[in-house]
1. I'd like the full set of residues that are over 17 Å from the mean Cα position of the chain (by Cα) and in a loop (DSSP other than H, G, I, E, B), limited to region 79-99.
2. Take residues that are closer than 21 Å to Gln17 by Cβ and out of contact with any Asp or Glu (no Cβ under 6 Å at 6 or more places or on another chain) and tell me which of the strands (runs of 3 or more DSSP E) falling wholly in region 100-186 contain 3 or more.
3. Which residues, counting only those in region 61-73, are without any contact (Cβ under 8 Å) to a residue 60 or more places away in the chain and buried (at least 16 other Cβ atoms within 10 Å of the Cβ)?
4. Among the residues of region 74-94, count how many are away from the ligand (no atom under 11 Å from the Cβ) and either surrounded by fewer than 17 Cβ atoms within 10 Å (Cβ to Cβ) or touching a residue at least 60 places away in the same chain (Cβ under 8 Å) (or both).
5. Considering only residues that are under 13 Å from Ile174 (Cβ atoms), more than 13 Å from the ligand (Cβ to nearest atom) and polar (S, T, N, Q), which ones fall in region 132-163?
6. Here is a list of conditions, (1) under 20 Å from Tyr128 (Cα atoms); (2) within 14 Å of the ligand (Cβ to nearest atom); (3) outside any loop (DSSP other than H, G, I, E, B); (4) not aliphatic (A, V, I, L, M), and Asn11 meets all of them except one; can you say which number that is?
7. What are the pairs with Cβ atoms under 7 angstrom where one residue, in region 152-173, is under 22 Å from Asn97 (Cβ atoms) and without any contact (Cβ under 8 Å) to a residue 60 or more places away in the chain and the other, located anywhere, is more than 12 Å from the ligand (Cβ to nearest atom) and of a type in the set (A, V, I, L, M)? Sequence gap at least six, or different chains.
8. Would you be able to say whether some residue in region 18-36 is within 15 Å of the ligand (Cβ to nearest atom) and among the β-branched types (Val, Ile, Thr)?
Amino acid sequence: MKLVFATNNKNKIKEIQSAILGKMEILSLAEIGFSGEIPEDYDTLEENALQKATHIATRFNVNCFADDTGLEIEALQGRPGVYSARYAGSQASAENNMEKVLRELKGESNRKALFRTVISLKYNQQDYFFEGIVQGQILESKTGDEGFGYDPIFQPDGFCQSFAEMSIAQKNKISHRGLAVKRLVQFLEDEITGSPVQ
Ligand code: IMP
């Protein structure tokens, strides 16, 4: 089975290939000859994921999925949420975004946060959604060099390492995207093929 993953983020492709472990072939946008930006104009993770998947599925007539992720921080009333990518401004880097979060949480004892991923799957012209959530804490400072985005300041509950101190395999086992992908793969196995994906 071949599925296109509608993302330009190489880290996400690596994470998902590692999570799927050869159960299906994941094609990147580069592999199908797409090099542009995918629009992401909405105010919910669901709508953005659907918009990205639809953009590619329609243009290339392929089965395809896209994800959208937000970091929701309790003491910031759920911010940055769906605006996580551009929290410190439209051209913000991951460093800028993390610095803004750390600044806003300075002196705050409630560090509770969660990552939420929504995957939109376009499969044979039908839409399906899969969600994954991981609860954790925002650290006082950046820790670790692995991963991407907010990984250096997020420590999942039950662990004493940040996501940026974990290998891809460790992160996938517990992460928001790892859980959403597990549900996607399970769905394809159970509901669509009727038997385990070969
Ligand atoms: P998007 O899903 O690519 O739109 O991600 C929104 C924002 O969340 C971006 O700033 C990403 O870098 C960040 N992000 C998405 N997934 C992760 C993750 O697994 N760890 C840390 N940051 C993430």
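1. Our first condition is that a residue be over 17 Å from the mean Cα position of the chain (by Cα); within region 79-99, this holds for 88-92, 95-96, 99.
Once the filter is applied, which keeps residues that are over 17 Å from the mean Cα position of the chain (by Cα) and in a loop (DSSP other than H, G, I, E, B), region 79-99 yields Ala88, Gly89, Ser90, Gln91, Ala92.
2. Details: elements: 112-123, 126-138, 154-156.
Once the strands (runs of 3 or more DSSP E) in region 100-186 are filtered for at least 3 residues that are closer than 21 Å to Gln17 by Cβ and out of contact with any Asp or Glu (no Cβ under 6 Å at 6 or more places or on another chain), what remains is 112-123, 126-138.
3. Result: Asp68, Gly70, Glu72.
4. First, the residues of region 74-94 that are away from the ligand (no atom under 11 Å from the Cβ): 74-79, 89-91.
Pick out the ones that are also either surrounded by fewer than 17 Cβ atoms within 10 Å (Cβ to Cβ) or touching a residue at least 60 places away in the same chain (Cβ under 8 Å) (or both) and you get 74-75, 77-78, 89-91.
Residues meeting the conditions: 7.
5. If the condition is that a residue be under 13 Å from Ile174 (Cβ atoms), more than 13 Å from the ligand (Cβ to nearest atom) and polar (S, T, N, Q), then Gln135, Gln161 are the ones that fit.
6. That leaves (1) as the condition not met.
7. From region 152-173, the pairs are Ile153/Leu102; Ile153/Leu139; Gln155/Leu139; Ser162/Leu139.
8. Looking only at region 18-36, we keep the residues that are within 15 Å of the ligand (Cβ to nearest atom), and these are 18-19, 28-29.
Now narrow it down to the ones that are among the β-branched types (Val, Ile, Thr): none.
No, region 18-36 has no match at all.
The values are calculated or read from the model by the stated rules, or taken from the named source; none is laboratory data. The model shown is predicted, which means the values in this text are computed figures rather than measured ones. Glycine gets a Cβ as well: all are built from the backbone with ideal geometry, and neighbour counts include every protein chain shown.
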